[in-house]
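Novice: Mind having a look at this structure? Questions to follow.
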Amino acid sequence: MKPEKQNIIIIGASGHSKVVIDIIERLNNYNIIGLIDTYKSKRNKIFHYEILGTEENLYSLIKEFNIYAGIIAIGDNWIRKTIHEKITKMIPDFKFISAIHPNAIIGKNVKIGKGTVIMPGAIVNCDSKIGDYCILNTKSSLGHDGIMKNFSSLAPNATVGGNTVIGIGAAICLGANVIQNITIGNHSIIGAGSLVNRDIEGNKMAYGIPAKPIRTIINEEK
């Protein structure tokens, strides 16, 4: 007899949550009891799952529904980090799960942190290290020996060469390409369609072919 599936909650009720729900349903390891979101009305639904409240209600929901863990389904890196900090401050021992789509390709000796979401068609090559609460979106790829630090993200079709470091909270946007042996600094953003062929400092917005920094990123900027 299979053990009963543990209950989890989805944190965030935007379009990104739909993809996360789809992954979890396909994996069929957990039972989703609903979602929480600060900006969405209670009892609205994503698919057939109700929004049950906000982060402030999480503690009571854990008790009511015997919630084992949750996953933050928020695409914006800063907001995802902020929500994580808020929840762990309220409930220090709250568990976060990862969600890896069965059609993602994960290479040999890859390490993946907690709370990370890897979407369909993503490729992570051998000996790469992905931190906590990262996102690898549809058809993105991380080359061999790559490092993605906590709360960083690759947008759909972003391609990152081998031995590259993506800093904390950094975002590689839609269709951007990063050649091998590059370091992208913490909280930097690489614009859609860009080609990065040199290191980018932290807290910079960079885009173009080749990508060049155009301004400084302010903390908590989307």
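The values are calculated or read from the model by the stated rules, or taken from the named source; none is laboratory data. Predicted model, so just to flag it, every value in this text is computed and none were measured. Here the Cβ is made from the backbone with ideal geometry for all residues, glycine too, and neighbour counts use every protein chain on show.
Novice: What's the number of the condition residue 133 fails, among (1) in contact with an Asp or Glu (Cβ under 8 Å, 6 or more places away or on another chain); (2) buried (at least 18 other Cβ atoms within 10 Å of the Cβ)?
Specialist: (1)
Novice: Looking at 146, 175, can you tell me which residue is on the phi > 0 side of the Ramachandran plot, at pLDDT 95 or above and more than 11 Å from the chain's Cα centre (by Cα)? Explain how you work it out, then say what you get.
Specialist: On the way: 146 fails: on the phi > 0 side of the Ramachandran plot.
When all the criteria are applied, what remains is 175.
Novice: Looking at the range 169-193, which of its residues are among the small types (Gly, Ala, Ser), under 16 Å from residue 137 (Cβ atoms) and outside any strand (DSSP E or B)?
Specialist: Correct list: 169, 170, 175, 176, 191, 192, 193.
Novice: Let me ask another. Can you report the number of residues in the range 21-53 which are among the β-branched types (Val, Ile, Thr) and exposed (fewer than 15 other Cβ atoms within 10 Å of the Cβ)?
Specialist: Adding up the residues that qualify gives 1.
Novice: Just wondering, is there one or more residues in the range 153-167 that are assigned to a strand (DSSP E or B), of a type in the set (Ser, Thr, Tyr) and more than 18 Å from residue 79 (Cα to Cα)? So that I can check it myself, show each step before the final result.
Specialist: At the first step, the residues of the range 153-167 found to be assigned to a strand (DSSP E or B) are 153-154, 159-160, 165-166.
Subset that is of a type in the set (Ser, Thr, Tyr): 153, 159.
Within this subset, residues satisfying the condition of being more than 18 Å from residue 79 (Cα to Cα) are 159.
Yes, the conditions are met somewhere in the range 153-167.
Novice: Taking the range 47-60, which residues are touching a strand residue (DSSP E or B) at 6+ places or on another chain (Cβ under 6 Å) and farther than 12 Å from residue 87 by Cα?
Specialist: Across the range 47-60, the qualifying residues are 49, 50, 51, 52, 53.
Novice: State which residue is farthest from residue 11 (Cα to Cα) when the search covers only the range 80-117 and only residues that are within 14 Å of the chain's Cα centre (by Cα) and of a type in the set (A, V, I, L, M, F, W, C). Even if it seems obvious, please write down each step before you answer.
Specialist: Taking the range 80-117 and keeping what is within 14 Å of the chain's Cα centre (by Cα), we get 80-84, 96-101, 112-117.
Now narrow it down to the ones that are of a type in the set (A, V, I, L, M, F, W, C): 83, 96-97, 99-100, 112, 117.
Values: 83: 9, 96: 10, 97: 11, 99: 13, 100: 17, 112: 20, 117: 13 Å.
Per the criteria, the residue is 112.
Novice: Hey, another quick one. Check 62, 33, 74 and return the single one that is under 19 Å from residue 99 (Cβ atoms), of a type outside the set (Gly, Ala, Ser), at pLDDT 95 or above and not in a strand (DSSP E or B).
Specialist: 74
Novice: May I ask you to list the residues in the range 94-146 that are among the β-branched types (Val, Ile, Thr) and touching a Lys or Arg at 6+ places or on another chain (Cβ under 9 Å)?
Specialist: 97, 110, 112, 123, 130, 135 - these are the residues of the range 94-146 that are among the β-branched types (Val, Ile, Thr) and touching a Lys or Arg at 6+ places or on another chain (Cβ under 9 Å).
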